[in-house]
Every structure is written in structure tokens, then in C-alpha cells.
Amino acid sequence: MEYGILSIIIPLLTIFLAIITKDVMISLISGILIGMLVLHNYNPLETGVAFFEGIIALFAEDWITKTLVFMLLVGSVIRLLVYSGAIDGFVVYLDQKAKTIDSPKGAMLLAYFIGIVIFIESSITALVAGMVSKPLCDKNSVSREKLAYICDSTSAPVCSLIPLNAWGALLLGLIVTAIDARVISGDAISLLIASIPYNFYSIFTLLIVLVVIFLNINIGSMKSSIPHPYIPHITTDQTPASVYKMLLPVLFMVLMVPLMLYFTGKGDILKGSGSTSVYYAVALTLVFMYLYYIPTRTLTHKSYIAGLYQGMGEMIPVTIILLFALLIGKVIGDLGTAQYLAHLLQGNISPVIVPLLIFIVASIISFSTGTSWGTFSIMMPIALSLSATLHLDIPLVIGAVVSGGVFGDHASPISDTTIISSMAAECDHISHVRTQLPYALIGGGLASIAFLIAGWLTA
């Protein structure tokens, strides 16, 4: 059944409510119920049943269950780092040994470069950047909103620019499918590599973050963001300067991700499961922390278990938000939002503006659905088909799809990477969305101009 303009209005209304009310939970539930009401012919009884059944049905998808458990386990990792004194010891070490890093600019650059170096998986990228940099940002009066923005801006953009990960595997698969169907011709790997310079949004975003860090630029709601006070959990005099208790568990977790990608891909990292890999990596990190902290008397068994449970409990609110974000993504899919937007792209249009239109439509789909990967899967076949019909530059078209998917995902309050970034920085989710949006729009505006110019130059 075709739902037309309703398929666009419902997700945009949800996002509007979230930003205006600052209550993302109620906004998501409202959007889900309105969408389900439309899907079930405005029958309130069927809508109510579908709502509760829909929540349960999500757990049938193993990647969703693993992602939700991953969120809870991350809370345990963070809480155990606090209980063990690892965070305080890390801050004391930097205060004594690394004066250059122990500054507002140094704290933000630390988060930025961690995001650049860890390009294996976007969730781990944001998580590690937030965990390592958060205490230093607090100590140097850098707001949690600014940290969340840096974490978010160096997760998906970096993963899409360095596609030696699951992102690259998905994009390669979509390009290979088009080649096999004889929609386009060429070598998939060469086309993907050639598209990287056209991933304008990701490139501009990384440059904008650097400018923001070095010039301390605060625009929009970021001007009123208040730094979180740093309060050591034990006094500085009692805290030995140490990096190992903090960095060894984090390093172990980072190294486990490619290893698990290799394992789940049966010898091929590019074919590994991202959700399974990060789930295993965090679970094994908790085992590592037990084997490291208990024998060294950093923690007792009782305090370890207490930290494990408390950390999970602290993550329940954000995990529920992600659960409802996934459910509204399912509802939006059933409404056919992405297909309707893609259909609007077709028609008599000039080849010069097609790359820009592809970028805009991909951005709207990603923003409305909260998923860049879903956007890639829908838009890539359409975009490649248009490139063949209109004789467009194929790498430019691929870059437009990827840029649009990343831009919409970066700006959307129902995106999993946006939620995880606010979680990693322990920042209010809607506050993160509101403060990040102006920077994302600047990047999107610059990317739009770049795609218009590139479309004219390659026409």
C-alpha cells in the first residue's frame, strides 16, 4: 500500500517533537504509535497490539539483540574503570607527565585522533574516544556536548573514508551487485577507492572539527553548553599516576574488534559481522578486566560484580531509547518512506544537478530513518542506475550516496551512532543533537556546493 506524503511526515514529526520537547522517549513512542495507526487502518486496538508485539519482534534479529546487550555491557566497562580508579590514575598521569595533552585543546585533539586511528567500527570509535577523553575534557572545562560532537564526527565519517571495515564490505557488495546485473561496468574496488575523494560531507566534517578545536568555535546551542565538573573519585594524593589500568582494557577491546571480524568472517575481515564483533569484544573485555583487576587487587570480586550491575543499570535509559529508535526504523520501513523519497528523484532532471539531488535525497532518507546503511542499500542501486542512464561519473555518484547517508545519520536524533556518541560522552542525548546540528548543517551546505560543482565539471 502506498502511503505517499504520510511516510515522510511521520518520521519528520517524530524528530521535530524530539528536538522541541527534549524528551526523546515520548517523541519516539508517539511517532511509533502514529505510524502504526496508519499501518493498521487507524484501528487503535490493532495498533496497541502491534506496538507491544513489535518490541518483542525486534529481538528476533540477532544483530539487534547483540547491539542492545553491547550497550549494557559498555556501561559495565565504564563503571568498572571508575571503580578501579583507572580513570583518576589516567588523569593524574596526564597532569604530571603530559602537560601538552592536559589542556582544553589537547583533550579535544585526543578524542579527535582516537577517532581517526580507530576506523574499524563506528560504535567502538565513538565509545573509545569518549571513554578516554571524557575525564580529561571534564578536568579542562570542555563540555560533554563538545566531546559528543567530536566523537560523533569522527565515527561514521572516518569509517566511510577508510572502508577497511564492514562499511567497505557493504558498499563493495552493493557495487558488485550492480556490476553483476550489468547496470554499470568496472572493478568494484577501484570504483569504491575512486569515490573516496567525492565523499565531501565526511571530508568537510573532519576539517570543520579541526577548525572548531583549534579556534574554539562555539555556534548555536553549543555556546550555552556547560562543562561537567571533574570530581576525582578518590583524592589526588591517594591516586597513583598510571595509564595501564585505563589503557590496557581499552586497547584489549580495540584489538578484539578486528580479531572478531576475522573470526565471524571466517578468515575474511571484510565479511565479518560488525554487531557480533563489538558484542564479543566488549564481553571479552569484561573478562579481561576481571582477570586483570582481581589478581592485582585493584578490585575485589564483590566490587567487580557491583560495578558490573551498576554499569548495566546506568545504561538502561539509553538502551531503551535505542530500542525505540530501531522500532521506529521498522515502522518507517513499512511506511515506505525511503522508496517514496527515491521515487521523487526520478524524472526529467539535468545531469549536472543529479549528484546534488542524490546527496539531498540520501540525506533526507538517512535523517528520517536514522540509518546510513539502510540508505546505502536503497539509494545505491537507484543512483548507479541513474549514472548509467545519464552517463554520469560513477565514483561521484557513489560518493554522493555515501555522503548523504553519513550526513543524515550524523544529524538525526534517532541514529544509533548519534545515540552511542551521546552515551560515550555521558551527555544528554537531545542536548547533543541540538548542539551538533549547526555544525552538521554547515558541512552539509559545503558538501552541497561541492556536489553541484563536481556535477558541472564531470557533466
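List of remarks:
Table: residues versus (1) at pLDDT 90 or above; (2) of a type in the set (Ser, Thr, Tyr); (3) crowded, with 22+ Cβ neighbours inside 10 Å.
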| residue | (1), (2), (3) |
| --- | --- |
| 286 | yes, no, no |
| 289 | yes, no, yes |
| 307 | yes, no, yes |
| 325 | no, no, yes |
| 336 | no, no, no |
| 354 | no, no, yes |
| 363 | yes, yes, yes |
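- When the range 1-26 is limited to residues that are closer than 18 Å to residue 320 by Cα and in a loop (DSSP other than H, G, I, E, B), the one that is modelled with the highest pLDDT turns out to be 23.
- Residue within the range 112-128 that is of a type in the set (Asp, Glu) and closer than 30 Å to residue 405 by Cα present: yes
- Checked against (1) out of contact with any helix residue (DSSP H, G or I) (no Cβ under 8 Å at 6 or more places or on another chain); (2) at pLDDT 85 or above; (3) assigned to a helix (DSSP H, G or I), residue 96 passes all but a single condition, namely (2).
- A count restricted to the range 16-32 and to residues that are of a type outside the set (S, T, N, Q), within 11 Å of residue 328 (Cα to Cα) and surrounded by 18 or more Cβ atoms within 10 Å (Cβ to Cβ) stands at 3.
- Residue match in the range 115-136 (condition: assigned to a loop (DSSP other than H, G, I, E, B), at pLDDT below 85, within 13 Å of the chain's Cα centre (by Cα) and among the hydrophobic types (A, V, I, L, M, F, W, C)): yes
- Filtered by the rule that a residue be surrounded by 22 or more Cβ atoms within 10 Å (Cβ to Cβ) and polar (S, T, N, Q), the range 373-393 gives 375, 387.
- Of residues in the range 192-211 being touching a Phe, Trp or Tyr at 6+ places or on another chain (Cβ under 8 Å) and surrounded by fewer than 21 Cβ atoms within 10 Å (Cβ to Cβ), the one nearest to residue 431 (Cα to Cα): 208
- Pairing residues of the range 306-329 that are within 30 Å of residue 47 (Cα to Cα) with residues that are surrounded by fewer than 18 Cβ atoms within 10 Å (Cβ to Cβ) and modelled with pLDDT under 80, at Cβ distances under 6 Å and at least 6 apart in sequence or on separate chains, gives no pairs at all.
- Test: residue in the range 398-410 that is assigned to a loop (DSSP other than H, G, I, E, B), touching a Ser or Thr at 6+ places or on another chain (Cβ under 9 Å) and touching a residue at least 60 places away in the same chain (Cβ under 8 Å): no
- Among (1) more than 17 Å from the chain's Cα centre (by Cα); (2) surrounded by fewer than 19 Cβ atoms within 10 Å (Cβ to Cβ) - the single one residue 162 does not satisfy: (1)
- Options 78, 29; residue that is in a helix (DSSP H, G or I), modelled with pLDDT under 85 and at negative phi: 78
- Residue 193 being over 25 Å from residue 285 (Cβ atoms) and either of a type in the set (Lys, Arg) or assigned to a loop (DSSP other than H, G, I, E, B) (or both): no
- Taking first residues from the range 107-128 that are over 18 Å from residue 141 (Cβ atoms) and partners that are small (Gly, Ala, Ser) and not in a helix (DSSP H, G or I), the Cβ contacts under 6 Å between residues at least 6 apart in sequence or on separate chains come to 122/155; 125/155; 126/155.
- Residue pairs meeting the criteria (Cβ under 8 Å; at least 6 apart or on separate chains; first over 22 Å from residue 428 (Cα atoms) and acidic (Asp, Glu), in the range 152-165; second at pLDDT 90 or above and not in a loop (DSSP other than H, G, I, E, B)): none
- Tally of residues being in a loop (DSSP other than H, G, I, E, B) and either of a type in the set (Val, Ile, Thr) or modelled with pLDDT of 80 or more (or both) across the range 230-248: 5
The values are calculated or read from the model by the stated rules, or taken from the named source; none is laboratory data. Not measured: the values here are computed from a predicted model. All Cβ positions, glycine included, derive from the backbone under ideal geometry; neighbour counts span all protein chains shown.
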